Amino acid sequence: MVCQEELLIQKVCGLYDQISGLESLKPSKDVDMLFTQLVLTCMPPNPIDVNKLSKKIQEMRSKLIRLCGEAEGLLEAHFSTILGSFENPLDHLNIFPYYSNYLKLSHLEFTILKQHYPHVPSQVAFVGSGPLPLTSIVLACKHLTTTSFHNYDIDPSANSRALRLVSSHPDISKRFFFHTTDILNVANGLKEFDVVFLAALVGMDKEEKIRVIHHLAKHMAPGAILMLRSAHGARALLYPVVDPCDLIGFEVLSVFHPTDEVINSVVIARKHQMPIQPSSIDQQALVPNIVQLPTKCSEIQAFNPLNHGNMVEELTIEEQL
């Protein structure tokens with residue numbers, strides 16, 4: 001097992017050296033090839049614990065996560081600009097190379113949300129929506145068809161691109177709102193939302209992530225749901241990890257670790273009804289129901305992102321157990 005981890009780290013370090021040496025992270029043949037190799041290297045289930053890596057590898061991981069975040073933002077901006085040139089941009093979302101992954105992730109998140117929050121949320125916030133807010137769009141079009149979505153991003157150009165995508169849609173344009181601000185500057189407004197989604201790359205290191213989570217714990221409405229994206233195993237080399245013990249002020253309901261093309265783990269938590277002091281928290285109560293979600297999609301040559309039968313079925317069985 002140690003040998004397997006060493007090989008993984010060796011390959012990731014090699015890819016990091018190549019990626020960090022690129023002149024630009026904008027979409028190109030070399031950028032796409034290197035990041036595809038990186039994702040495929042980290043995708044298979046692996047028991048590696050990134051917290052136990054050496055200080056040198058920890059520093060590499062931190063830099064790699066930021067490079068991944070920068071590349072992801074540039075990729076989304078590139079395709080958002082292309083989509084914005086169409087008369088009806090939402091009819092052409094499938095040109096984005098990872099659209100099928102977003103379909104699958106959004107379906108997974110909706111299924112998890114429905115199990116723990118049976119009502120249809122009136123208002124949802126997505127923090128870190130970016131220039132291509134696919135999660136909000138997919139949820140609004142396919143799953144939460146009457147819900148209003150408030151999309152928060154600190155970058156005005158990201159919101160400008162995102163607004164262009166939905167402005168021509170007769171329904172979505174009325175239910176989408178864009179806020180250009182740091183979420184740490186939003187206080188009372190957070191009380192309006194039934195559900196808050198926190199993007200994986202909002203808070204690119206542990207300290208930043210915890211600062212955002214504590215702010216949400218302070219200002220979200222009691223009983224509101226927080227949906228976070230995390231990472232597990234080798235995938236934690238690509239994205240920040242949210243530990244259940246970091247969610248002070250929330251009741252962690254479940255943590256889901258997919259093992260297929262969906263890279264991010266999903267954490268769902270409920271804001272406590274009454275404020276509690278960190279010292280009074282029972283650490284055992286913070287340990288959620290952690291579910292591995294195996295998939296049979298790898299056996300299917302033609303990957304259909306909407307065929308979620310296996311994933312949801314096994315999730316339900318685990319919940320019953």
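Throughout, read-outs are computed from the coordinates displayed, never taken from laboratory work. From a predicted model like this one, the values you see are computed outputs, not experimental measurements. Don't worry about glycine lacking a Cβ; one is built from the backbone with ideal geometry, like all the others, and counts go over all protein chains shown.
At 7 Å along the Cα-to-beta-carbon direction for both residue 218 and residue 29, put a label point, then send me their distance in nm to one decimal.
Output for this residue pair reads 5.1 nm.
Taking amide H positions as placed in the peptide plane 1.01 Å from N, state which residues far from residue 151 in sequence (5 or more) or on other chains have amide H under 5 Å from it.
Residues meeting the amide H criterion: 126, 177, 178, 179.
Peptides 181-187, 39-45: what's the order by average Cβ count within 10 Å, highest mean first? Show your work: numbers first, answer last.
On the way: 181-187: 14.3, 39-45: 15.9.
Highest mean packing first, the order is 39-45, 181-187.
Given 0.36 nm per residue, what is the gain on full extension from residue 100 to residue 74 after removing their alpha carbon distance, in nm?
Result for the pair: 7.5 nm of gain on full extension.
Under 5 Å between amide H atoms, partner at least 5 residues away or on a different chain: which partners does residue 239 have, H built in plane at 1.01 Å?
Here the answer is none, since no amide H 5 or more places off falls under 5 Å of that of residue 239.
Would you kindly state how much longer the chain becomes between residue 59 and residue 11 on full extension, computed as 0.36 nm times their sequence separation minus their alpha carbon distance, in nm to one decimal?
Numbers: separation 48, 0.36 × 48 = 17.28 nm, distance 1.60 nm.
Residue separation times 0.36 nm, minus the Cα-Cα distance, leaves 15.7 nm.
Could you please rank 13, 68, 245, placing first whichever residue has the fewest other Cβ atoms within 10 Å of its Cβ?
Numbers: 13 15, 68 21, 245 11.
If I rank by nearby Cβ atoms, fewest first, I get 245, 13, 68.
Which of the residue pairs 63/206; 11/63; 218/271; 142/209; 11/104; 104/142 have a Cα-Cα distance greater than 20 Å in the structure shown? Walk me through the numbers before you get to the answer.
Values: 63/206 13 Å; 11/63 16 Å; 218/271 9 Å; 142/209 29 Å; 11/104 28 Å; 104/142 12 Å.
From the list (63/206; 11/63; 218/271; 142/209; 11/104; 104/142), the Cα-Cα distance tops 20 Å for 142/209; 11/104.
Arrange 196, 252 by Cβ neighbour counts within 10 Å, fewest through most, would you? Mind dumping the intermediate values first?
Working: 196 26, 252 23.
Listing 196, 252 from fewest to most nearby Cβ atoms yields 252, 196.
Could you work out how much longer the chain between residue 251 and residue 171 gets when fully extended? Use 0.36 nm per residue separation minus the Cα distance between them, nm to one decimal. Can you show the working numbers first?
Numbers: separation 80, 0.36 × 80 = 28.80 nm, distance 3.43 nm.
Using 0.36 nm per residue and subtracting the Cα-Cα distance, I get 25.4 nm.
In debye to the nearest 20, how big a dipole does region 10-118 give about its Cα centre with +1 on each Lys and Arg Cβ and -1 on each Asp and Glu Cβ? Could the numbers behind the result be given before it?
On the way: 11 positive and 12 negative charges, 116 e Å.
The calculation lands at about 560 debye.
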